[in-house]
Each structure stands twice: as C-alpha cells, then as structure tokens.
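Presented below is the structure to which this report refers.
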C-alpha cells in the first residue's frame, strides 16, 4: 500500500499500531454520521459514557430510514434524536432533508478526512476522497467520545480505470462488473482505491455510486482521488474551501491491481437474490416487470434523476408497472422541481416518494406476491423488499427507466440516442433543515418516548460455556437474515427486548423463543457470516437472547466487530468441523478466559457426538479484552474510570 491515498490518510490519522496488513490500528475519527434506524441506540450508548459533549470535529444525526410514522414509535425516536443532538453538540438533519450519504456528500464530506458512520454505505463519501467507513453504532458512539476506531489494516486493491463509458452505460455498471468479478466476499479485508486515466471522466456523483456499492464487495472502504472534478463539485456546493488535492504517488504500490476498461462495459443487472449474481441486461431482456423503484443512496443524485426524467419526457410508464422515484436529498428534489424534470416524471406517471431510503430498506413499496421488482438500489437479499416471494433485480437508473417504459427488462441500447443532461455550475444550497447544536446545551431536556429502553449491558464471559447449537446456517448469511428490517420492525430499533423476539425469524420462526428458554446458546455459520448492513442489532439482540458464541468459517468485518462489541465470542472453524456440527448438538467450550488471555485456540467438545475440535478466536489483544469485559461499553467505561 506504499504511496497510496489510503496509506496517506491512515498515516495522518494513526493513533496506535503499525500500518502492516492485518495488524490492528487505532484511528482518529474526524466526522461521524448516524441515521435514525441505528442512531437512537448509538446516542443511548454515548449517553451511557457520561460525557457532556461529542469530541469529534463534526457529528451529524440524520433521519432517513424510519420516516413512515404509523405509530408513535418513530416520531418519538425523532424527537429523542433532535433533543440529544442539541444536548451533545451534534448537527441534526430533519426528516425530509434527505438520505444521509447523499446529504453528507453534498454538505459535509471533506477529502483527506476520516468519517465513521453507523450505516454500511458510509463509504459513499469516498467518492470525493474521504476515508469513510461503516461500523456498528457502538463504535460510532465511542468515536464521538474521542476514542480511537479500531480496525485491521486492509490490503489495498487498486482498480485502474481506463477508457470511457459508452452510451447507456452507467457508474452502477462499473461496480456491478466488479461484483461479478470478485463476489460479495471478494473485498473482505481490503480497501479499494481507484486510479488511472479514466478517473477524470467520472463525476463525483458517479464516483459516489461506485464507492457506495463497493460495500457489497465486503470492502472496508473505497476511495477516489480528489482532483479538479472534485473541486468542481465542491464549488457547485459552495464548499470549495475544503478541497485539497489528493492522489496516489506515481510509484504507488498496491497489494493487488485490477484493470477495468470502461469502454468495454455494457449495461449489467444483478439477478435475485445477491448483488453479485450479475449478467448482461441483454441476456435476460424480455423478463416481465411488475415494479420499478429508482433512488436510494446508490443512485438518486440530481445527475441520475435528470437523466431518468429526460428519458421519460413525453412518454408514459407501462400501464402494468408501478414506478417510484425517491430523490436522494431535498436539494435534488428542489432542483428537479425548478428545472422541470419533476414535472416530466409526474406527467409520465411516476409516483414521487419522499427524500428518504424508503423501499430500499423495506419501508413501503413491497412488491406483489412473487412479483418482479427492478431497483436502482444496492441490495436484493431475500425478503428485504418486504415480500418474501419477490424477485428483486438491481440495475442502473437508465435500465430501470427503460423497463418502466416497456414493462419488461430492456437493454437501453435498443432505445436509440441516449438523453444528454447539463448540470448547473452552482447547486441550490439551503441548509435550513440542518439544525446546528445549541450553545445552551444545559437548557435542553432530552425527550425519551415509552418505546425507548435502556441499553442492555453484558456480563463478563465465563471460563466454561455449555450451550446448544440453536441454529446452523449456510454461507453469506446477511444481517437481514439475522435481524430483519422493514416497516414493521424498524420502529423497534430502540427497544431491544421487543426487537429481539424477531431474531432470525426469516430463517426459523422459533429461534427467539428457543434461544430465550435456556438463556444461552451458540450459532454455527458458514463463510462470510454477517455480510450486509452495519446494523449492530444483529449482534445486540442475539446477545440479549443469551447467545454466547458464533462458530463460522469466516465473518464479515462489521458484524464480527459488532459481535465483539456486545460480548459474543466469534470463533473460526474449519470447513470439516462446520460440516460435522449439527443443530441441536450440545457443546462445551472450555478454558475460554485463559485462551483469550494467552491468545491460544479454544477447544470445543461436542458432547452429543463425542468428539473435540479446535477453534480460533481471531481476535486482537484489545478485542480479547473487550470480550473478557463483557463488551465494549463495559471495557471503555472501565478505561475511562481508570483514566480519571
């Protein structure tokens, strides 16, 4: 990683450790962001630390997930978030101001800085040269308290971009191509850095689409250089003063290099039920479509939505297709309204949704039974749309718009000349829906609704664990499998006792009840366990149910960190031991505290089958301390008391 942008930012923010791949380091975090589905718990955790004010340069609380208010719960959460923001020195982006990643890109992101967000798609800000990393809410709470953020130094995958995108080929096709080539686990343990002559041909919104969906590779972060195109974007946002040139050294050394010729790409599409199940659009043209949803943090910028509006101008959406558009920010919506593009969308028969995540996280617009939904989003996991039997495809906004017109998956290259849009030199800037923190914090009374429950605290781990294998699952289990989202469950995010009753319900409806009965249990998983969202509830709720350990062939980065944060022991098992272990087996895990202290493998005895096998607690010494303390909240509180 010598001479890379990633090395430069890491070195500038290094607090502890050395920059050797795989080694744990502590990083200074400049900015944080939260959204309302994860933010309530993050701020409750921050409050539990007993501090009066955040210690970052900038922290922003966004409301963009739980905006559907069918009861008091979401509204109460929003009141709590706004009052907590005022009390603790945090900017508050009100409901309707837009999706956190797009608004942050527009109004706050700064090249060369570090950003930690309680949302897995935080790397969106890497589109303008920021090192932006998704994490669990507790890690963000600790960063707001001035603590270092800990991660293993990633290998740097350099992606050299050459050529130029052809007509009808979009930025989303670039990242779909990488997902096709590398898979959803191909970026685990890596950070992606883009370079090469074609970088200058991509606008910041295009770059942000690529870095946003780079999360689906499992990558720690994705970063583009900060160049004149970046400067133009910041100037248009009236923030040119934060621009700094940022590029890799001419002799930069990457751990791995992949070349992508943009001119060789064609429109691509991800088939159900994984973002890496990618084929050319032309291969499946003709597939009937019931629903088209355009938007999300991946592809809802002014540039993309103006292109969609130009394509639909003077036409009508197919009578058998429901079409929605979710603008990514209030700024985008205002400008679409001002330049006539919004009128074009409405005249074509598009349903305009509010500036929020909406359908992407199952908050409305569930497809019909067994329906085909084409979405310009980043995830198509089973059931995420709100309809278990739905067939969800992912593609660029222009591919989605083509299907909206024809009623079927259509190669947009068959539509003739593509629309051309001209972006303004200056964007409309109105930050009136971003509320700055008050200077009279002592006068703020934080509002707690009845659905907001205290943060559960863990107990120090025992030296010997006896527990049943309550569930055995396969490869690429997502956090959506573990802790579903959607309109029915997201309002329970600040109530762990209530939401814990839904753990793994899409896999086994009896899981929560079976887990709670004995008060202890383990889960056995395959490769890449816990991929997807950063939602810490996928660790916090199982911990509340009594899950003591997860045995898996490998773990996704964020979820493994979340397990540690909440005192659940993540253990690496071999393929053979995974195959041999069965649901219902009684396990005895012995010498846990001694093994963690000494950094040794942990022996597991399968009492049901009568054999033993070794597991590896792939933990750093710090993570071992956290597990021994019963979780990161206990560990940091002990540390703060010691510092006093």
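The values are calculated or read from the model by the stated rules, or taken from the named source; none is laboratory data. Bear in mind that the values here come from a model prediction, so they are computed numbers and not experimental data. Glycine gets a Cβ as well: all are built from the backbone with ideal geometry, and neighbour counts include every protein chain shown.
Structural remarks
- In segment 61-72 there is at least one residue matching the filter, namely being surrounded by fewer than 17 Cβ atoms within 10 Å (Cβ to Cβ), modelled with pLDDT under 95 and not in a loop (DSSP other than H, G, I, E, B).
- In segment 474-484, of all residues being out of contact with any helix residue (DSSP H, G or I) (no Cβ under 7 Å at 6 or more places or on another chain) and part of a loop (DSSP other than H, G, I, E, B), the one that is farthest from residue 218 (Cα to Cα) corresponds to 474.
- Remark: residue 392 matches the filter, which requires a residue to be buried (at least 19 other Cβ atoms within 10 Å of the Cβ) and closer than 30 Å to residue 73 by Cβ.
Let's see how each residue does on (1) modelled with pLDDT of 95 or more; (2) at positive phi; (3) surrounded by fewer than 19 Cβ atoms within 10 Å (Cβ to Cβ); (4) not in a helix (DSSP H, G or I):
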residue: 180; (1), (2), (3), (4): yes, no, yes, no
residue: 197; (1), (2), (3), (4): yes, no, yes, yes
residue: 209; (1), (2), (3), (4): yes, no, no, no
residue: 234; (1), (2), (3), (4): yes, no, no, no
residue: 252; (1), (2), (3), (4): yes, no, no, yes
residue: 257; (1), (2), (3), (4): yes, no, yes, yes
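- Some residue of segment 623-642 being more than 23 Å from residue 22 (Cβ to Cβ), exposed (fewer than 14 other Cβ atoms within 10 Å of the Cβ), free of Cβ contacts under 8 Å to residues at least 24 places away in the same chain and touching a strand residue (DSSP E or B) at 6+ places or on another chain (Cβ under 9 Å): no
- Top-ranked residue of segment 560-575 - restricted to ones that are touching a strand residue (DSSP E or B) at 6+ places or on another chain (Cβ under 7 Å) and in contact (Cβ under 8 Å) with a residue 60 or more places away in the chain, ranked as surrounded by the most Cβ atoms within 10 Å (Cβ to Cβ): 564
- Answer residue from segment 39-49, given it is touching a helix residue (DSSP H, G or I) at 6+ places or on another chain (Cβ under 8 Å) and surrounded by fewer than 24 Cβ atoms within 10 Å (Cβ to Cβ) and is modelled with the highest pLDDT among those: 47
- Residue 578, sole failed condition from (1) surrounded by 15 or more Cβ atoms within 10 Å (Cβ to Cβ); (2) farther than 21 Å from residue 515 by Cβ: (2)
- If you filter segment 259-273 down to residues that are out of contact with any helix residue (DSSP H, G or I) (no Cβ under 9 Å at 6 or more places or on another chain) and part of a loop (DSSP other than H, G, I, E, B), you find that the one that is surrounded by the fewest Cβ atoms within 10 Å (Cβ to Cβ) is 272.
- Note on segment 467-498: among residues that are over 21 Å from residue 382 (Cα atoms) and touching a strand residue (DSSP E or B) at 6+ places or on another chain (Cβ under 7 Å), the one that is surrounded by the most Cβ atoms within 10 Å (Cβ to Cβ) is 470.
- Residue check for residue 444: modelled with pLDDT of 95 or more and either surrounded by 12 or more Cβ atoms within 10 Å (Cβ to Cβ) or not assigned by TED's automatic domain parsing to the domain that holds residue 52 (or both): no
- Qualifying residues in segment 421-441 (those that are surrounded by fewer than 12 Cβ atoms within 10 Å (Cβ to Cβ) and farther than 27 Å from residue 78 by Cβ) - the one modelled with the lowest pLDDT: 422
Yes or no, residue by residue, for (1) more than 22 Å from the chain's Cα centre (by Cα); (2) in a helix (DSSP H, G or I); (3) at pLDDT 95 or above; (4) surrounded by fewer than 17 Cβ atoms within 10 Å (Cβ to Cβ):
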position: 300; (1), (2), (3), (4): no, no, no, no
position: 308; (1), (2), (3), (4): yes, yes, yes, no
position: 327; (1), (2), (3), (4): no, no, yes, no
position: 344; (1), (2), (3), (4): yes, yes, yes, no
position: 347; (1), (2), (3), (4): yes, yes, yes, yes
position: 387; (1), (2), (3), (4): no, no, no, no
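- Selection of segment 64-79 for residues being touching a helix residue (DSSP H, G or I) at 6+ places or on another chain (Cβ under 6 Å) and in contact (Cβ under 8 Å) with a residue 60 or more places away in the chain yields 64, 65, 66, 73, 74, 77.
- Any hit, segment 590-605, residues being assigned to a loop (DSSP other than H, G, I, E, B), touching a strand residue (DSSP E or B) at 6+ places or on another chain (Cβ under 6 Å) and either over 30 Å from residue 50 (Cα atoms) or in contact (Cβ under 8 Å) with a residue 60 or more places away in the chain (or both): yes
- Scanning segment 70-92 turns up no residue that is farther than 16 Å from residue 535 by Cβ and under 17 Å from the mean Cα position of the chain (by Cα).
- When residue 505 is tested against (1) in contact (Cβ under 8 Å) with a residue 40 or more places away in the chain; (2) surrounded by fewer than 20 Cβ atoms within 10 Å (Cβ to Cβ), just one condition goes unmet, and that condition is (1).
- Residue 464 surrounded by fewer than 19 Cβ atoms within 10 Å (Cβ to Cβ), more than 28 Å from residue 64 (Cβ to Cβ) and free of Cβ contacts under 8 Å to residues at least 12 places away in the same chain: no
- Helices (runs of 4 or more DSSP H) lying entirely in segment 485-567 (those with 2 or more residues that are within 18 Å of the chain's Cα centre (by Cα)): 537-545, 557-565
- The single residue among 358, 364 that is buried (at least 20 other Cβ atoms within 10 Å of the Cβ), in the same structural domain as residue 289 (by TED's automatic domain parsing) and under 21 Å from the mean Cα position of the chain (by Cα) turns out to be 358.
- Checking segment 275-289 against the condition returns no match, with no residue being within 18 Å of residue 183 (Cα to Cα), in the same structural domain as residue 181 (by TED's automatic domain parsing) and touching a residue at least 12 places away in the same chain (Cβ under 8 Å).
- Boolean, residue 399 is touching a strand residue (DSSP E or B) at 6+ places or on another chain (Cβ under 6 Å) and crowded, with 19+ Cβ neighbours inside 10 Å: no
- Residue satisfying all of: in segment 86-124; in contact with a strand residue (DSSP E or B) (Cβ under 6 Å, 6 or more places away or on another chain) and on the phi > 0 side of the Ramachandran plot; surrounded by the fewest Cβ atoms within 10 Å (Cβ to Cβ) among these: 112
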